[in-house]
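S.K.: Following this message is one structure expressed as structure tokens.
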Amino acid sequence: YFYSNQKNLYTGLNPQPNAFPDFRYAQSGYDDTRDTLRAQGNLTFTNHLLTLGTEYVHYESRSNLWAEGGDPNDDSTWATAKTNNVAAFIEDQWAAAPMWTLTGGLRVDDNSRVGVNASPRLAANFVPNSDEFILVSLSRGYRVPNFIESEIREYYFASDPNLEAETISAIEIEWSQRFNDHGLTVGLNGFANRSNDLIWALPLDGATMNANYIAWLGSGPDFTQQPGPFFQFANLDNPVTVLGLEATARQPITDTPWTLWGNTTWQSYRHRDPVRF
């Protein structure tokens with residue numbers, strides 16, 4: 001893959017040999033390989049549906065972005081970034097009673113970049129009749145940083161060597177009812193989640209910025225490279241809370257192929273502390 005948004009060479013009316021370019025834009029080339037091995041089994045018992053399995057993923061990427069001073073047009077200057085992920089997962093759907101279904105699941109990942117993370121889920125479905133259901137769900141998940149966040153060595157940026165996965169914990173409650181007399185279906189959904197360790201490009205402290213700039217000047221300066229780094233992808237110690245409500249309705253129009261449908265959503269997104277850009 002190759003991505004480019006502007007030329008990074010000087011193209012003025014009277015370019016001088018070895019002149020400093022007016023502008024330098026991000027250009028990147030990639031040669032990526034992903035290998036996945038997955039095994040899964042589904043076992044059915046009288047009141048249980050059990051799913052269990054394992055997964056292995058090896059991801060390897062060559063790019064100029066993973067090397068200091070890498071040239072997007074010369075892959076001999078590129079560097080290679082690698083990551084391995086081993087996972088195991090299990091889920092059980094249990095018909096505990098005629099009206100109740102309970103679901104419990106757990107996935108555990110061991111990632112070579114950010115270590116071990118677990119994502120459990122517990123849910124309950126209550127179905128009093130064929131036209132109504134209630135769902136309650138509790139879960140926790142995470143997002144492993146991508147290579148841009150964890151391996152970049154170009155364009156004023158670096159990566160925190162202690163970067164961790166983003167995490168999110170969530171609760172959801174949903175109710176839906178279908179009214180047979182008129183075919184009207186209504187639903188209400190409420191949800192809340194809290195995200196932590198969000199990955200942001202944070203500025204380094206002033207002394208570090210200054211030292212990096214002076215080091216670049218001391219290199220000549222080398223105009224084929226950018227000064228820096230001045231920013232670092234790191235985990236933000238400022239969790240986000242999201243609260244939301246949604247209402248939906250569907251109404252078939254009798255003796256026609258038409259159905260009226262609509263929904264409305266309210267959502268509140270808030271950081272614990274004010275965010276400065």
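S.K.: Rounded to whole Hz and in sequence order, give me ³J(HN,Hα) for region 65-80 from the Karplus expression 6.51 cos²θ - 1.76 cosθ + 1.60, θ = phi - 60°, writing x for Gly and Pro.
M.R.: Once rounded to whole Hz, the list reads 6, 8, 10, 6, x, x, 9, x, 9, 9, 5, 6, 8, 6, 10, 10.
S.K.: Explain nothing, just the number: relative contact order of region 25-139, from Cα pairs under 8 Å at least 6 residues apart, as a whole percent.
M.R.: Once normalised by length, the contact order is 18 percent.
S.K.: Related question: Distance from the Cα centre of region 105-130 to that of region 225-277, in angstrom?
M.R.: Using only Cα atoms to place each centre, the spacing works out to 22 Å.
S.K.: What does the helix-only formula give at 222 nm for the chain: each DSSP H stretch with n ≥ 4 adding -39500 (n - 2.57), the total divided by the residues, and the result rounded to the nearest 500 deg cm²/dmol?
M.R.: -2000 deg cm²/dmol
S.K.: Bin all alpha-carbon pair distances of the chain at 5 Å intervals from 0 and give each bin's fraction as a whole percent.
M.R.: 1, 5, 8, 10, 11, 11, 11, 10, 9, 7, 6, 4, 3, 2, 1, 0, 0
S.K.: Give me the percent of the accessible area of the chain that comes from carbon and sulfur atoms, probe 1.4 Å, all protein chains in place.
M.R.: That fraction is 56 percent.
S.K.: Keeping all protein chains in place, calculate the accessible area per residue for region 58-203 (probe 1.4 angstrom), answer in Å².
M.R.: That works out to 52 Å² for each residue.
S.K.: To the nearest 20 Debye, how big is the dipole of region 130-224 about its Cα centre, given +1 on the beta carbon of each Lys and Arg and -1 on that of each Asp and Glu?
M.R.: Result for region 130-224 is approximately 60 debye, rounded to the nearest 20.
S.K.: Moving to a separate point now. Loop-only chymotrypsin sites (Phe, Trp or Tyr not before Pro) in region 45-116, please: DSSP not H, G, I, E or B, and at most 16 other Cβ atoms within 10 Å.
M.R.: Those that pass, being in a loop and sparsely packed, are F45.
S.K.: Could you tell me which residue out of M99, A165, S139 lies farthest along the dipole of region 88-167 toward its positive end? Charges go on the beta carbon: Lys and Arg +1, Asp and Glu -1, centred on the Cα centre.
M.R.: Value computed over the given set: M99.
S.K.: Once you mark the trypsin sites (Lys or Arg not before Pro) that are in a DSSP loop and have at most 16 other Cβ atoms within 10 Å, what is the longest gap between them in the chain?
M.R.: Maximal segment without exposed cleavage sites: 8-271.
The values are calculated or read from the model by the stated rules, or taken from the named source; none is laboratory data. Bear in mind the structure is a predicted one, so any value in this text is a computation, not a measurement. Note that each Cβ is placed from the backbone with ideal geometry, even for glycine, and that neighbours are counted across all protein chains shown. All accessible areas refer to the heavy atoms of the entire protein, side chains included, with ligands and DNA or RNA removed. Shrake-Rupley method; radii C 1.70, N 1.55, O 1.52, S 1.80 Å.
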